[in-house]
């Protein structure tokens, strides 16, 4: 177990309409200093499929795809004690302050990438924001119950063409 701080800034702009929240960056994400950095995480493939984009490989391409489709990305945790990348080991949570995003972007929907981010969003943010979040299946490689096609179908239900 180690105490770790979140050092990746949120991705959003003044046009962002959907905020996608993860729990906390994996070891791989912390190493590359960007969201969903593990090569087996399906996040970028899912978003590319939904937006009919090429799967991005660089940070610049990933950022461009998100912003082009009015998507914002961040995590609910600013710091915690964690073992490796395991959400189940998260302790001593310090939440991020998502109010800055909500004040600067016209967010219409909040999506949580997995059960941990959803549970923490409900605990720390929903009472403050008064916005309900949608819990979607995690794109993490640890979520073996959902293949890529099934993930795309579930995520596509919530990310509508009208918002992207």
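Of note:
- Search result, residues across the stretch 131-163 that are out of contact with any helix residue (DSSP H, G or I) (no Cβ under 6 Å at 6 or more places or on another chain), within 19 Å of residue 43 (Cβ to Cβ) and part of a loop (DSSP other than H, G, I, E, B): 138, 140, 141, 142, 143, 144, 145, 146, 147, 160, 163
So that you can scan it fast, the table gives a plain yes or no per residue for (1) closer than 19 Å to residue 51 by Cβ; (2) surrounded by 15 or more Cβ atoms within 10 Å (Cβ to Cβ):
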| site | (1), (2) |
| --- | --- |
| 94 | no, no |
| 113 | yes, yes |
| 119 | no, yes |
| 141 | no, no |
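- Failed criterion for residue 103 (all others in (1) surrounded by 17 or more Cβ atoms within 10 Å (Cβ to Cβ); (2) without any contact (Cβ under 8 Å) to a residue 60 or more places away in the chain hold): (1)
- Residue 128 being in a helix (DSSP H, G or I), touching a helix residue (DSSP H, G or I) at 6+ places or on another chain (Cβ under 9 Å) and either surrounded by fewer than 16 Cβ atoms within 10 Å (Cβ to Cβ) or at pLDDT 95 or above (or both): yes
- Residue tally, condition on the phi < 0 side of the Ramachandran plot, assigned to a loop (DSSP other than H, G, I, E, B) and surrounded by fewer than 21 Cβ atoms within 10 Å (Cβ to Cβ), over the stretch 7-52: 13
- If you go through the stretch 57-75 and keep only what is closer than 17 Å to residue 37 by Cα and in contact with a strand residue (DSSP E or B) (Cβ under 7 Å, 6 or more places away or on another chain), you end up with 63, 66, 72, 73, 74, 75.
- Residue match in the stretch 71-89 (condition: closer than 22 Å to residue 159 by Cβ, modelled with pLDDT of 95 or more and over 12 Å from the mean Cα position of the chain (by Cα)): no
- Test: residue in the stretch 91-112 that is in a helix (DSSP H, G or I), at pLDDT below 95 and touching a strand residue (DSSP E or B) at 6+ places or on another chain (Cβ under 8 Å): no
- From 116, 63, residue being closer than 13 Å to residue 25 by Cα and part of a helix (DSSP H, G or I): 116
- Filtering 61, 83 for residues that are surrounded by fewer than 20 Cβ atoms within 10 Å (Cβ to Cβ) and either touching a helix residue (DSSP H, G or I) at 6+ places or on another chain (Cβ under 7 Å) or farther than 22 Å from residue 15 by Cα (or both) leaves a single hit, 83.
- Within the stretch 103-117, at least one residue is touching a helix residue (DSSP H, G or I) at 6+ places or on another chain (Cβ under 6 Å) and farther than 14 Å from residue 19 by Cα.
The values are calculated or read from the model by the stated rules, or taken from the named source; none is laboratory data. Everything numeric in this text was worked out from a predicted model, so none of it was measured. In this analysis, Cβ positions are derived from the backbone assuming ideal geometry, glycine residues included, and neighbour counts consider all displayed protein chains.
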